[in-house]
Structure formats: structure tokens, C-alpha cells
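Student: Dumping the structure here so I can ask a few things about it.
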Amino acid sequence: MTPVATPFFFYLLSGLALLGGILVITRKNAVHSALALILTLLALAGLYLMLYAPFVAGVQIILYAGGIMVLFLFVIMLVSIEKSQREDQFNKQWIGGLVGAVALGALFVRVFVRSKALHDLTGMPMAQLPEQSNTQEIAVYLYGNYMLAFEIASLLLLVAIIGAVVMAKKRI
Amino acid sequence: MLDYVTSYLRSNTTPGQAGNLLWAFIYIILIFLGLSVAVIAMNWLERKILAHMQVRLGPMRVGPHGLLQPIADAIKLLIKEDIMPAEADKSVFWIAPVLIVITAFTTFIVVPFGPTHAVTDMNIGVLFMLGVSSLSVLGVVMAGWASNSHYPLIGALRSSAQMVSYEIAMGLAVVAAVLMTSLHGNGLYGVAHGAVGDGTLSMIDIVKAQQDQHAWFIFKFFPLGLIAFFIFAVAMIAETNRAPFDLPEAESELTAGFHTEYSGFRWSLFFLAEYSAMIAVSSIAVTLWLGGWLRPFPTWLTGETWDLVFSLFPAATFLLLALIALVGTLRMPKHPYFRVQTLGLAGFAAVLALIGILLLLPPVRDRIQDIYWFSLKVAGFMYLYIWYRGTFPRYRFDQLMRVGWKVLLPVGLGVLILTAIVGVLL
Amino acid sequence: MVPITTLHYLIVAAGLFVLGVVGVLTRRNVVIVLMSIELILNAVNLNLVAFSRLWGLHGQVFAIFVITDAAAEAAVGLGILIAFFRNKETVNVDEVDLLKW
């Protein structure tokens with residue numbers, strides 16, 4: 001597929017993703033935070049499409065936005081009580097948290113500025129990622145090299161299902 | 001500039017492949033128009049067909065034989081007062097119908113009306129359609145929660161639980177069909193083992209696989225294809241909350257379920273999204289099992305004459321409809337009060353006949369073939385939807401969940417495993 | 001305009017990561033803390049997929065595994081939340097400060 005208007009879509013989608021992120025951490029109402037997270041997830045799916053990763057984008061939409069967020073919304077509807085919206089939203093050590101996050105941000109900035117490898121990418125050949133066979137090639141890896149990880153992931157999901165059911169039941 | 005417009009006409013890919021924004025926009029606008037016409041027609045057809053199944057006449061007053069009834073309904077909905085419940089969450093209340101309509105319409109960018117007649121052909125076509133239609137569950141949950149009232153909340157929880165459960169059965173049936181795309185055989189049981197990584201999720205390539213294997217997947221590995229199609233057909237009705245799985249929005253059960261508190265234009269958005277979702281999942285079923293845009297019997301009845309016969313079908317359909325409208329005109333009561341209606345029906349018959357004659361011209365005839373067969377199959381599914389609504393009693397909610405988890409899921413797994421075994425052994 | 005390179009995507013991912021860390025460290029509502037953790041995981045995913053554009057498909061396969069693990073973790077975390085909420089009727093993290101009550 002020939003890419004069209006890449007900078008416009010990149011800035012639009014990443015702006016939406018960051019806006020969604022800011023709304024997630026600042027909203028009082030948990031349902032609004034969940035909606036902002038859905039916005040972030042969908043914007044990220046668009047960014048994956050721009051990075052020639054359509055299968056990861058599809059999985060993100062189905063699993064994350066269509067599955068995990070439904071789970072979050074159900075739990076929010078279950079535990080949301082009115083008085084929790086009138087209490088303080090930020091905890092007592094918010095200054096420490098902010099300082100830590102700013103330090104982390106400064107670390108990122110230093111790494112990005114100082115790394116020569118990231119600035120010198122024009123000389124590096126991009127990987128051949130033809131979009132028409134992306135799913136097929138991921139399948140070759142998933143059922144070939146990473147078969148063990150695949151089986152362990154399915155076992156993990158089984159354990160998670162049983163664990164979630166046991167913990168949420170009223171009487172075992 | 002003109003070169004930009006005409007360069008696409010000389011290529012044989014979808015506008016998305018060619019990166020041609022203008023033609024992609026044109027296709028999107030055509031899909032919007034087509035969907036609007038389809039939803040309006042579905043509204044009228046549903047009321048008339050349901051009425052005739054129940055031995056009554058349905059809307060007869062608004063236009064000749066009620067043909068203008070959908071327009072009257074649309075005007076009524078647009079001029080109704082927009083009520084918002086007092087304690088409702090305003091932003092979420094506003095966003096929910098918009099989200100559902102956006103997801104219902106976005107699925108149509110990969111629906112293939114022909115080998116190059118899709119807005120784009122993504123590598124993950126089927127996955128994209130299933131994923132975006134799973135986003136509508138979010139809209140339902142939000143609509144129920146934001147209404148701040150019991151009936152919508154219970155309706156939304158039931159509806160979303162039902163939709164999520166039947167998505168799994170749909171996914172298994174789809175995987176069984178995708179498995180069949182990796183076989184390169186010929187005919188109903190033919191298998192020729194190809195390279196690793198040969199199957200495809202792309203909608204256009206799935207229909208091309210059915211074309212190459214000379215078998216629609218509904219008949220492949222008979223009866224496995226048929227069972228997979230049946231699972232998908234049942235699951236897609238539950239997914240779109242239609243009878244007999246419409247407990248969450250049935251009027252006698254829960255007032256109107258998750259869209260109780262919505263009135264006027266917002267309700268019409270839910271209605272629009274429901275019919276668009278019905279057409280979308282029917283398109284998936286037609287593409288995966290019924291051969292998409294392929295005409296019936298491409299290998300039995302081959303040759304120039306049979307091609308000509310099948311290419312006359314679109315014109316024949318419209319001329320038949322014009323004939324029915326003409327008979328209706330002649331049977332109108334001969335009273336001065338009915339003059340306008342008779343003239344209107346005669347005009348409608350004339351328009352249909354004109355379209356039929358237009359479809360007889362060879363250049364139009366060749367291009368309209370794929371779109372016609374695809375639309376005919378989807379229209380068949382729409383008739384089945386209305387038929388089920390008029391025939392089946394409603395499932396109770398626990399029976400509904402039992403069918404989804406205890407019947408469709410194991411049968412879907414069984415069909416998947418059997419298809420894989422047969423594909424390897426043969 | 002500057003052509004969009006991998007560095008642009010990495011900066012977006014770093015921004016999302018920092019936002020997620022701020023959310024985890026400063027919010028009181030447990031559900032929002034869990035959602036901030038999902039933000040962090042998504043930032044990592046974007047990083048992986050951006051690098052896979054350079055170096056091959058391994059990044060995308062790893063991203064799929066990360067999404068799967070995020071689903072499992074969200075399910076278990078929310079199960080714990082529900083079990084806890086049934087006992088103590090609160091969703092604030094700083095009211096979970098006794099080992100036995």
C-alpha cells in the first residue's frame with residue numbers, strides 16, 4: 001500500500017494518543033477515564049497501521065479496545081460509588097510521584113539526545129515488511145520460533161480465567 | 001490532475017492499494033449513499049413483509065402501498081424533542097450513539113463488492129471487520145450506563161453480555177472458513193497442499209480462493225462448511241440483537257432496552273447502526289461462505305451463452321419489480337382521491353423499468369455483474385432476518401447464554417478441528 | 001517537513017510511558033491506577049512495533065504476546081479489585097493499609 005500524507009496522520013494520531021493519556025490520569029469520573037483510554041488505544045492502532053503492522057493493529061482493536069475495555073467498564077459500573085467522585089482524586093504523595101516522573105522524563109530525553117544510533121537511522125536499511133503478507137509471516141514466526149511462548153501464553157490465559165472466576169465469585 | 005483521476009481507472013486494484021485518495025472518497029460516498037438507501041428500503045420491507053407474514057397489510061396510507069412511510073418516519077424522528085434524563089452523564093450520553101454509528105459504518109471499508117470494488121483491501125480484512133464490530137459493545141454499555149435508569153442499564157448489561165458471548169462463536173466459524181482458504185484443491189473435497197503461510201484474512205482474497213477452488217466454502221468438505229456457516233448465521237443474529245435473540249431490546253420485556261431514554265435523532269442513530277451492522281455481518285457471511293461476488297454455477301454452466309444469461313439477471317430483476325409495480329398501479333381503486341397515489345406508483349414503476357432497460361446495455365451489464373450478485377446475496381440474508389423475526393419466539397436470557405456458550409462454542413471448536421484434520425489428511 | 005523517523009514514534013511512546021507512571025503514582029482510584037498500567041504497556045508496545053519496522057517482525061510478535069499478557073493481568077487485577085471491594089466498600093488505594101481488619 002502506498003503511504004499517503006504520513007506526517008499529517010502521524011501528528012494527528014499521536015496527538016490524540018497523548019491527549020487521551022492526559023485525560024486518563026486527570027479525570028474525576030472513572031468512566032470518562034475509560035473512554036479516554038479507548039481513544040488512546042484506537043489512536044495507537046492507527047499508529048501501528050502506519051508502521052506496517054496491520055495484524056498488531058487488528059489484535060489491538062479486538063482484544064484491547066473491544067475486550068479489555070469492556071471488562072474495565074463493567075467493573076467500573078460495578079464498583080463505582082457516588083461518594084468516590086467527591087473525594088480527593090490525587091493521593092498524599094503526589095509531589096513525590098511527579099518528581100519521579102519528571103526524573104524519568106529527563107532520563108528519556110538524555111537517552112534520545114545522546115544516542116547516535118537513533119539519529120543515524122537514514123543509513124540503516126529498513127526491514128522488508130510487505131503489508132500484503134504480514135499476517136502470514138507473523139504466523140510463520142508464531143508457530144515456528146515462538147511456539148513455546150505461544151503455548152505458555154495460552155496456559156497463562158487459562159490460569160488467569162480460573163483465577164479471575166475464583167476471586168470474583170461470592171462463594172467458592 | 002486529470003491524470004490523477006484517470007490513472008486509477010486504468011489500474012485494477014482498490015483505491016486503497018493504489019493510494020488514490022480521491023477515488024477512495026468517491027467510493028466512501030457511494031457506500032454511504034448505498035447504505036442509506038438500503039436502510040430506508042429495509043425499514044419499508046420489514047414492515048411490509050412482517051405484515052404479510054401476519055396476514056395483514058402493513059403501511060398503506062402514506063404513499064402508494066406505504067412506499068413513503070420511511071420518509072415520514074425519518075421526518076417524525078428529526079422533529080421530535082431531544083430529551084436527556086436529568087442525572088444523565090451528558091458527554092457519555094452524547095458519545096454512545098455516535099460511537100455505535102461510527103463502528104457500524106467503518107466496517108464497510110473492507111467489504112468487497114467486486115474484485116476491485118472495495119475502498120481498500122486490508123491484509124487483515126475479516127479481522128478488522130470483527131474487531132470494529134466488537135467496538136459496538138462499548139457503545140451499548142455506555143448508552144445503558146449514561147441513561148442513569150434501570151431499564152437501560154439492565155438492557156445494556158444483557159445486550160453486551162450476549163454480544164460478547166456470540167463473538168467467540170463467530171470467531172471460531174470464521175477461522176474454520178479461513179482454514180479452507182489455504183487449501184488449493186479443486187472442487188468440494190479437493191486439497192492440494194501449498195506452502196506454509198498460504199491462507200489469507202483478506203476479504204477479496206477469500207473470494208478469489210473460492211473462485212480458484214471452484215467451490216463455495218459453504219459446500220466445501222460437506223457438511224463441515226455448512227455447519228460453520230450455520231454457526232455464523234446464528235451467531236450473527238445474536239450479535240446484532242435481532243429476533244429471536246432480541247430480549248435486550250424487546251418492547252414487551254424491557255421497554256426498549258439500552259436505548260429507552262434516547263428520543264428523536266439519537267434513537268434514529270441507533271436504528272441506523274443496527275441495520276448497518278446487520279448488512280455488515282451479512283456481508284461477512286456472504287464473502288466467507290457464499291462466494292462473494294461470484295455468480296452461481298461458474299463451473300457447471302460455463303460458456304458464452306450461460307454468461308450472457310446470467311448477465312441478464314440484473315435487468316430481469318428490475319424489470320420484474322417494474323412489472324409488479326405496474327400490476328399494483330392497475331389494481332389501485334379508481335376513485336379521484338387515489339389519483340395522486342396511482343400517478344406516484346406509476347412513476348415508480350417507470351423509474352424501475354428505466355433502470356432495468358439501462359442495465360441491458362452491454363457496457364453497464366459487464367460492470368454491474370459483481371455488485372449485483374453480492375447485493376442479491378446480502379438481500380437474501382436481509383429477507384432471512386425479517387423471516388426469523390416473523391417466525392421464531394424470543395429466547396429467554398439464560399437460554400440465550402446457554403446456546404451461545406454450551407452449544408455454539410463446542411460445535412464451533414469441533415468444526416474447526418474436523419476441518420483441520422480433513423485438510424491435512426486429504 | 002521533517003520526515004517521520006523511528007525517533008518520532010519513540011518520543012510518543014516515552015510520553016505515554018511518563019503519563020502512565022504519573023497516573024500510577026498519583027491517583028487514588030484503583031481502577032484508574034490499573035488503566036495507567038495499561039497505558040504503560042501500550043507505550044512499550046508502540047516502542048516494540050516502531051523498532052520492528054527497522055529490524056524485522058520479532059517486535060510485532062512480542063507485541064502480540066504483551067497484549068495477551070495485558071489481558072490476563074487486567075482480568076486478574078480486576079478480580080482482586082472486586083473481591084476487595086466486596087469486603088471494604090472502597091476503591092481508594094490509600095485505604096488499603098491494614099493487613100487484617
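Just so you know, all these numbers are worked out from the coordinates, no wet-lab data involved. These numbers were taken from a predicted model, which means no experiment stands behind them. Note: ideal-geometry Cβ built from the backbone for every residue, glycine included; neighbour counts use all protein chains shown.
Student: Order by neighbour count: B:Glu81, B:Glu261, fewest other Cβ atoms within 10 Å first, most last.
Tutor: B:Glu81, B:Glu261
Student: Let me ask you something else. For Cα pairs less than 8 Å apart in space and 6+ apart in sequence, what is the mean separation divided by the residue count of segment B:85-173, i.e. the relative contact order in percent?
Tutor: 34 percent
Student: Which FRET efficiency, nearest 0.05, do B:Val327 and B:Leu354 yield, Cβ-Cβ r, R0 22 Å?
Tutor: Details: r = 18 Å, r/R0 = 0.81.
That gives a FRET efficiency of 0.80.
Student: With the crude spin-label approximation of a point 7 Å out along Cα→Cβ, what separation in nm comes out for B:Trp94 versus B:Ser36?
Tutor: Label-label distance for B:Trp94 and B:Ser36, simple model: 2.3 nm.
Student: Where in chain B are the DSSP H helices whose C-alpha atoms run 30 Å or more along the long axis and whose mean Kyte hydropathy is at least 0.5?
Tutor: B:21-53, B:150-180, B:265-289
Student: Using 1/(1 + (r/R0)^6) with R0 = 22 angstrom and r between the beta carbons of C:Asn87 and A:Ile162, what's the FRET efficiency to the nearest 0.05?
Tutor: 0.55
Student: Evaluate the relative contact order of chain C (contact order divided by residue number), counting alpha-carbon pairs under 8 angstrom at least 6 apart; express in whole percent.
Tutor: 28 percent
Student: Another one. At q = 0.10 Å⁻¹, what log₁₀ I(q)/I(0) does a Debye calculation on the Cα points of the protein assembly as shown give, no solvent, two decimals?
Tutor: -1.08
Student: Can I ask one more? About its Cα centre, what dipole magnitude does the protein assembly as shown give when the only charges are +1 on Lys and Arg Cβ and -1 on Asp and Glu Cβ, stated in debye to the nearest 20?
Tutor: Value, rounded to 20: 1160 debye.
Student: Moving on to the next point. Dipole of segment C:28-91, Cα-centred, from +1 at each Lys and Arg C-beta and -1 at each Asp and Glu C-beta, to the nearest 20 debye? Intermediate results must be reported in sequence, preceding the final value.
Tutor: Working: 4 positive and 4 negative charges, 22 e Å.
Dipole size: approximately 100 debye.
Student: Among the aspartates and glutamates, which fall within straight-line cross-link reach of B:Lys220, defined as a Cα-Cα distance under 19 Å, with same-chain neighbours fewer than 8 residues apart omitted?
Tutor: B:Asp198, B:Asp205, B:Asp212
Student: Sticking with this one: Where does each of B:His117, B:His193, B:His65 land when they are ranked from fewest to most other beta-carbon atoms within 10 angstrom?
Tutor: Listing B:His117, B:His193, B:His65 from fewest to most nearby Cβ atoms yields B:His193, B:His117, B:His65.
Student: Taking springs between alpha-carbon atoms closer than 10 angstrom, which of A:Val79, A:Val70, A:Val102 fluctuates most in the Gaussian network model of chain A?
Tutor: Among A:Val79, A:Val70, A:Val102, the largest mean-square fluctuation in the Gaussian network model of chain A belongs to A:Val102.
Student: Continuing with the same structure: Hey, could you get me the Stokes-Einstein D for segment B:17-139, Kirkwood radius over alpha-carbon pairs, 37 °C and 0.692 mPa s, rounded to whole µm² s⁻¹?
Tutor: Estimated via Stokes-Einstein, D reaches 186 µm²/s.
Student: Over chain B, what is the relative contact order in percent, taking alpha-carbon pairs closer than 8 angstrom and at least six residues apart?
Tutor: 21 percent
Student: Could you tell me whether chain A comes out rounded, prolate or oblate from its Cα gyration tensor? Rule is a ≥ b ≥ c as square roots of the eigenvalues, rounded for a/c under 1.5, then prolate if a/b exceeds b/c, otherwise oblate.
Tutor: Oblate is the answer for chain A, as a/c is 1.5 or above yet b/c matches or exceeds a/b.
Student: How large is Rg over Rh for chain B, taking Rg from the Cα atoms and Rh as the Kirkwood inverse mean of 1/r across Cα pairs?
Tutor: Result: Rg/Rh = 0.98.
Student: Go ahead and estimate [θ] at 222 nm for chain B from helices alone: -39,500 (n - 2.57) per DSSP H run with n ≥ 4, summed, over the residue count, rounded to 500.
Tutor: Estimated from H runs of four or more residues: -21500 deg cm²/dmol.
Student: Distance between Cα centroids, segment B:1-19 to segment B:60-89: provide it in whole Å.
Tutor: 41 Å
Student: May I pose another question? Straight-line reach from A:Lys28: which lysines have Cα under 30 Å away, leaving out those fewer than 8 places along the same chain?
Tutor: Qualifying lysines at Cα under 30 Å: A:Lys83, A:Lys92, A:Lys169, A:Lys170, B:Lys90, C:Lys88, C:Lys100.
Student: Rg and Dmax of segment B:69-213 over Cα atoms: what are they, in angstrom?
Tutor: Every Cα atom of segment B:69-213 included, Rg and Dmax give 20.7, 64 Å.
Student: Shape verdict for segment B:20-79, please, from the Cα gyration tensor: rounded (a/c under 1.5), prolate (a/b greater than b/c) or oblate.
Tutor: prolate
Student: In straight Cα distance, which lysines are under 30 Å from B:Lys334, not counting same-chain residues fewer than 8 positions off?
Tutor: List returned: B:Lys48.
Student: Given the options B:Ser36, B:Leu135, A:Thr135, identify the residue whose Cα lies farthest towards the positive end of the charge dipole of the protein assembly as shown (+1 on Cβ of Lys, Arg; -1 on Cβ of Asp, Glu).
Tutor: Most positive-ward Cα: B:Ser36.
Student: Quick check: residue separation of B:Lys80 and B:Ile28 times 0.36 nm, minus the Cα distance between them. What number comes out in nm?
Tutor: Numbers: separation 52, 0.36 × 52 = 18.72 nm, distance 2.96 nm.
Between B:Lys80 and B:Ile28, full extension yields 15.8 nm more.
Student: Would you kindly give the portion of the calculated P(r) for segment B:223-311 that falls above 22 Å, as a percent of all Cα pairs? Show your work: numbers first, answer last.
Tutor: Working: 1906 of 3916 pairs.
The share of Cα pairs beyond 22 Å in segment B:223-311 comes to 49 percent.
Student: Find how many whole Å separate the alpha carbon centroid of segment C:36-101 from the alpha carbon centroid of segment B:279-310.
Tutor: Cα centres, segment B:279-310 to segment C:36-101: 46 Å.
Student: Run lengths n ≥ 4 of DSSP H only: what is the helix-derived mean residue ellipticity at 222 nm for chain A, with -39500 (n - 2.57) per run over all residues, to the nearest 500?
Tutor: -21500 deg cm²/dmol
Student: Once R0 is set to 25 Å, what does the formula 1/(1 + (r/R0)^6) return for the Cβ-Cβ distance between A:Glu131 and A:Ile152, expressed as a FRET efficiency to the nearest 0.05?
Tutor: Using R0 = 25 Å, I get an efficiency of 0.30.
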